[in-house]
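A.B. asks: First the structure, then my questions, so here it is.
The values are calculated or read from the model by the stated rules, or taken from the named source; none is laboratory data. Quick caveat, the model's predicted, so the values are computed rather than measured. Methodologically, a virtual Cβ is constructed for each residue, glycine included, from the backbone with ideal geometry; neighbour enumeration extends over all protein chains shown.
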Amino acid sequence: MKNQNWPLWEIFIRSKQGLNHKHVGSLHAADEKMAIENARDVYTRRSEGVSIWVVESKHITASDPSEGEALYEPANDKVYRHPTFYDLPDELKHM
Amino acid sequence: MTNIQALESRFQAKVDDEVKIEPKDWMPEKYRKTLIRQISQHAHSEIVGMLPEGNWITRAPSLRRKLGLLAKVQDEAGHGLYLYSAAETLGVERADLIEQLHNGTAKYSSIFNYPTTSWADIGSIGWLVDGAAIMNQVPLCRCSYGPYARAMVRVCKEESFHQRQGFEILLTLSKGTEAQKEMLQESVNRWWWPAMMMFGPNDADSPHTAQSMKWKIKRFTNDELRQKFVDVSVEQAKILNITLPDPDIKWNEERGHYDYGVIDWEEFWNVVKGNGPCNHERIQTRVKAHEEGAWVRAAAMAHAEKRSQRNSKKEQVA
Ligand SMILES: [Fe+2]
Ligand SMILES: [Fe+2]
């Protein structure tokens, strides 16, 4: 029992109503209920949040950074996805 | 170029461009090891750092002071937790880090091996110890390793309250009775030099600084930070009407900084090696708390397992 960790949880906090939950860090807890209670004490001591999500770290699948180029580079040459790509006269308003 | 060299030069190029390194990115093994050592030492310091101040919570002179001190000590626990979790992103286990603290293989800041013998010490710690910590920590918010930098942003936001509550304690003593003024001066006399040592050995005796600066783990050298600390502290001491226990402190017009005396490095190394006034007591206290909490950790885990079994049975029935 000696060197056993409680499971690791990733903590996401909504700082105020209307904003996304954002990753703030991790902590150890025996279960999801304790993870939320601990997250309250560790990450919201100064009203940094109005809502907490906890996800056990082992359930997170992440993209591989070494494949970053293959994943994100195709978007780089697609300038036509941006509004400034289209040539329109200055007289045109409200667009 | 070998594969490793290519990876290393790409890594260094990212660091040079101020691109943060994230947990799953490739990094040199030595960078990882350096960070694990530094972040875990930092975490241990936050945790052990609760002990000298915890000593005065029940004896704080007013409810206002007690609330402030409780909140500060609770923050330090939080700092320890942010930092342990940053260290764990580098592939170490929390339980192993704690074990290293308890068996003496991991170090923590030597400042916490000094005793808090008077109430004024709570003020001196806030002013000088948190003050020196802030000098060290602010540049760490720009550290090249993302999780460490982000943890430090949270820590730094909270530290300024620590320093201000400490200074307010001292300021109140400085306007008090003769006995209170003496208590203030006596306390600062004891904490000044250990606080100066918090920045670590002189640059000439700090062989790892160059590499850490190249990796942008460190942004300033030990002596640069120590000088900043002296320059602001000398001015702040005037407001408290006290002297700093260093007769060599003198404004140097040419350098635009205060000169200061020579640090007793023998004392520093002696405390680092475990022979400070409270080293033994600090670790004993941590080990005792950990061992006495073992059944709580085991019980919580057993409860969680039982509950999840019960839930999965319910799902099967439904
Ligand atoms: Fe702290
Ligand atoms: Fe602090």
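A.B. asks: Which residue pairs have Cβ atoms closer than 8 Å, lie 6 or more positions apart in sequence or on different chains, and pair a first residue in segment B:290-303 that is more than 9 Å from every other protein chain (Cβ to nearest Cβ) and on the phi < 0 side of the Ramachandran plot with a second residue that is surrounded by 10 or more Cβ atoms within 10 Å (Cβ to Cβ) and at pLDDT 95 or above?
C.D. replies: Pairs found: B:H290/B:I98; B:H290/B:H102.
A.B. asks: Looking for something within 30 Å of A:A62 (Cα to Cα), among the small types (G, A, S), within 13 Å of ligand 2 (Cβ to nearest atom) and within 10 Å of another protein chain (Cβ to nearest Cβ) - is there at least one such residue anywhere in segment B:64-77?
C.D. replies: Checking segment B:64-77: at least one residue is within 30 Å of A:A62 (Cα to Cα), among the small types (G, A, S), within 13 Å of ligand 2 (Cβ to nearest atom) and within 10 Å of another protein chain (Cβ to nearest Cβ).
A.B. asks: Mind checking which residues of segment A:1-28 are more than 8 Å from chain B (Cβ to nearest Cβ), touching a residue at least 24 places away in the same chain (Cβ under 8 Å) and not in a strand (DSSP E or B)?
C.D. replies: A:P7, A:S15, A:K16, A:Q17, listed by residue number.
A.B. asks: Output the residues belonging to segment A:60-72 that are more than 14 Å from A:F12 (Cα to Cα) and either within 13 Å of chain B (Cβ to nearest Cβ) or not small (G, A, S) (or both).
C.D. replies: A:T61, A:A62, A:S63, A:D64, A:P65, A:S66, A:E67, A:G68, A:E69, A:L71, A:Y72
A.B. asks: Please work out which residue is surrounded by the fewest Cβ atoms within 10 Å (Cβ to Cβ), limiting yourself to segment B:6-53 and to residues that are small (G, A, S), within 16 Å of ligand 2 (Cβ to nearest atom) and away from every other protein chain (no Cβ under 14 Å).
C.D. replies: By that ranking, first place goes to B:S45.
A.B. asks: How many of the residues in segment B:136-149 are assigned to a loop (DSSP other than H, G, I, E, B) and surrounded by fewer than 17 Cβ atoms within 10 Å (Cβ to Cβ)?
C.D. replies: 1
A.B. asks: Name the single residue that is farthest from ligand 2 (Cβ to nearest atom) among those in segment B:91-148 being touching a helix residue (DSSP H, G or I) at 6+ places or on another chain (Cβ under 7 Å) and among the acidic types (D, E).
C.D. replies: Filtering first and then ranking leaves B:D121.
A.B. asks: A follow-up question, please. B:E253 is checked against (1) modelled with pLDDT under 95; (2) away from chain A (no Cβ under 14 Å); (3) more than 21 Å from the chain's Cα centre (by Cα) and fails just one. What number does that condition carry?
C.D. replies: (1)
One line per residue, one yes/no per condition, for (1) under 21 Å from B:W56 (Cα atoms); (2) of a type in the set (D, E); (3) at pLDDT below 95; (4) outside any helix (DSSP H, G or I):
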{"position": "B:I134", "(1), (2), (3), (4)": "no, no, no, no"}
{"position": "B:A151", "(1), (2), (3), (4)": "no, no, no, no"}
{"position": "B:K157", "(1), (2), (3), (4)": "no, no, yes, no"}
{"position": "B:L170", "(1), (2), (3), (4)": "yes, no, no, no"}
{"position": "B:G176", "(1), (2), (3), (4)": "yes, no, no, yes"}
{"position": "B:L184", "(1), (2), (3), (4)": "yes, no, no, no"}
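A.B. asks: Within segment B:157-176, how many residues turn out to be near ligand 2 (Cβ under 10 Å from one of its atoms), surrounded by fewer than 17 Cβ atoms within 10 Å (Cβ to Cβ) and either without any contact (Cβ under 8 Å) to a residue 60 or more places away in the chain or of a type in the set (S, T, Y) (or both)?
C.D. replies: The total comes to 1.
A.B. asks: Going through B:D248, B:D223 one at a time, which residue ends up being among the acidic types (D, E), farther than 30 Å from B:P61 by Cα and assigned to a loop (DSSP other than H, G, I, E, B)?
C.D. replies: The conditions single out B:D248.
A.B. asks: On to the next question. So which residues in segment A:1-32 are surrounded by 13 or more Cβ atoms within 10 Å (Cβ to Cβ) and farther than 23 Å from B:V153 by Cβ, if there are any at all?
C.D. replies: Within segment A:1-32, A:N5, A:W6, A:P7, A:A29, A:A30, A:D31, A:E32 qualify.
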